[in-house]
Every structure is written in C-alpha cells, then in structure tokens.
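Notes to accompany the following structure.
The values are calculated or read from the model by the stated rules, or taken from the named source; none is laboratory data. Predicted model, so just to flag it, every value in this text is computed and none were measured. Don't worry about glycine lacking a Cβ; one is built from the backbone with ideal geometry, like all the others, and counts go over all protein chains shown. Quick note on the areas: whole protein, heavy atoms, side chains included, nothing else; ligands and nucleic acids left out. Shrake-Rupley method; radii C 1.70, N 1.55, O 1.52, S 1.80 Å.
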Amino acid sequence: MPATVTRSCEAPAKGQESASPTSLRLVQLTDPHLFRDPEGCLLGMPTRAGFEAVLALALERSRPHALVVTGDLVHDESLAGYRVLRERLDATGLPWFCVAGNHDRWSLMRQVLGARALGPIELRELGHWRLVFLDSRLPGETGGRLSAEQLRALDKRLAEGRAPTLILLHHHPALIGCHWLDGMGVENGAELIALAQRHPEVRAILFGHIHQAFSAQLDGLSLLGAPATSVQFLPHSPTFALDHKPPGYRELCLHDTGDFDTRILRLARYPSAPCFAAQGY
Ligand SMILES: [Fe+2]
C-alpha cells in the first residue's frame, strides 16, 4: 500500500535567493503528454504549447544546471513526439534525464532519447549530489510498482555512498488525498519510503503522475510532486476534476551542505484553456 502522509500547500521554500555560488539548480518538468501533431490536445489543451512555455519559463526564471522529466512524456506513442522532446531538451544545452510514465512506450522512448531514458534503476551524479532514477511502471497498468530486484538494487546503490541523494520516479509512493489518484500510485510505495528512511542521505523522493503540486515531510525525508506542463488535476478532489491553476514546474536548489530549497513556479495562465468540465481522459 502507498504510505499515508500529511500534505502541505505549494508555498516555497526559500528559493534561489538563498543559493550559494556552489549550489546547483535542478528543474523538474513532468507529464508533458506530447503528440505527433504540433497542435495535439489533451482535454482541449495543446500540450506542446504548454511544454514549450513552461520550459521557457524555467530557463528564464530558474537558470537551471540540469533538467529532469518524470514521465508521461508522449501521449500518443509516437516517435515524432519523442523527437520533439529531444530537440527541445537538447536545445537547452543542459544535462537532462527522463524516466518513463504509464503513457510512455519504452521502446520508442529509448530509441529516441538513448541513454537519457533511465530505468529500471540508474544513478547519475550532479555536483555533490546523487540522483537515482527508478522506472515504476507496471506493463498495461495506470498504477505502478517497484520490483524486489529494483528495491534490492536501490538499497545496495544507496549504501555505496554518503552523498545527498534524490530519488526520482513517475508514480507517487504515498497517498496524496485525491481518491481517484490514490489507487494509481506505487503499490508498494510504503516499502520505497521505508527503504529511503533507512538511508539518511536520501533527502527527497520526487515524482510526477499526479499533475499537481504536492509536498509532505516524513522525519527529514521530503515527498515532492510537481504540476504538469499539461493539464492540472484538482487537489483533494475525490473524483476526476481539472484545476484552473496553470501549468508549471518544480525548482530545487541543491546546496553543497546537503540541504535544499524548493518551490513551484507556474505560467501566468494556460496557453489555451482545457475543457474544465471534462470528467476523465
Ligand atoms: Fe500524466
């Protein structure tokens, strides 16, 4: 079962103002749901316009050192969708990394994104920090699960170093208070959280999938969800509902002390409003 936690609002964190010269800014983008068609829409919203606008905002406001994209990269299982994503990310000139979501087709994603498509468990270094990427998908399912092999490998990799660490995956490992989404998280999310808590160097678990900001604290371990670059789901809603808040992203400022600050930044408005009356997708 996913773990039960208490969420907080999306208010910051101190933000980049507290960054030291050696701090690194990491931007989390998630759930772009791109299409082959440049005008392709999810619930009436053109997702390519949303992704490009959020990426531009992140580059301007956060001046990141690296980008991560936590799944649901492409909605229509098209090579063209992944190619557009790669073009846009390559054009930033920054290091970038992706994990797969339940809407992704791994074979296409790997074909186009190459070694930047990460899974089932892979570790990358970013300055003094470690980033551990997990593939949480269950084939054919909306929800996710981590295998025993992944959890064993994670335990082993974490024990190999003491650098401050972030774990990144698509599905949420804890209940977030949206009943319709809470059945679609990591089935054994409580095991992931318990494992992370045995390794105090793990500072946070970051995820996508929920299309909304989320933040909770568990004895020094942060659980952090981010708004999608596409449509937003309404927090605390028992059934499917869209939120009027515009698309956005999460910024993390990783200090060399092992502490971090984080905040959510959003567009001023949807590039083109989705159909807010939609009851599912
Ligand atoms: Fe999604």
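Side notes on the structure shown:
- Over the chain, Cα pairs under 8 Å with separation of 6+ residues give a relative contact order of 26 percent.
- Using θ = phi - 60° and Karplus 6.51 cos²θ - 1.76 cosθ + 1.60, couplings along the range 238-243 (whole Hz; Gly, Pro as x): x, 10, 4, 7, 8, 9
- Antiparallel content of DSSP bridges confined to the chain, in %, to 5: 55
- Backbone geometry of the range 112-129 corresponds, through the Karplus equation with coefficients 6.51, -1.76 and 1.60 at θ = phi - 60°, to 3J(HN,Hα) couplings of 8, 8, x, 6, 8, 8, 10, x, x, 8, 9, 10, 10, 9, 9, x, 7, 9 Hz, x marking Gly and Pro.
- The protection proxy used here, the mean number of other Cβ atoms lying within 10 Å of each residue, ranks peptides 137-146, 174-183, 96-105 as follows, highest first: 96-105, 174-183, 137-146.
- Counting every C-alpha pair in the range 54-126, the share spaced more than 15 angstrom apart comes to 52%.
- Protection proxy ranking of 36-43, 66-73, by the mean of other Cβ atoms within 10 Å over each peptide's residues and highest first, is 66-73, 36-43.
- As a fraction of the 1.4 Å probe accessible area of the chain, surface on carbon and sulfur atoms comes out at 52 percent.
- Using the Cβ of L138 as centre and a radius below 9 Å, the other residues enclosed give a net charge of 0, where K and R count +1 and D and E count -1.
- For L26, the shell of other residues with beta-carbons less than 10 Å away shows a net charge of +1, using +1 for Lys and Arg and -1 for Asp and Glu.
- Calculated P(r) tail over 18 Å for the range 232-276, as whole % of Cα pairs: 47
- Gained length - E39 relative to H179, 0.36 nm times residue gap less alpha-carbon distance: 47.2 nm
- Accessible surface, the range 21-266, averaged per residue in Å² (probe 1.4 Å): 36
- Computed from backbone phi with θ = phi - 60° and the Karplus coefficients 6.51, -1.76 and 1.60, the 3J(HN,Hα) list for the range 215-225 is 8, 8, 10, 10, 6, x, 9, 8, 10, 10, x Hz; x is used for glycine and proline.
- Part-to-part distance (alpha-carbon centres) for the range 108-139 and the range 60-83, which is given in Å: 13
- Overall dimensions of the range 191-252 by Cα: Rg and Dmax, Å: 13.4, 39
- Surface/4 of the Cα convex hull for the chain, nm²: 12.9
- Computed lengthening from T22 to A190, 0.36 nm per intervening residue step minus Cα-Cα distance: 57.1 nm
- Shape category assigned to the range 63-175 from the gyration tensor of Cα positions, a/c cut at 1.5: oblate
- Global geometry of the range 115-162, whether rounded, prolate or oblate, following the gyration tensor of its Cα atoms and the 1.5 cut on a/c: oblate
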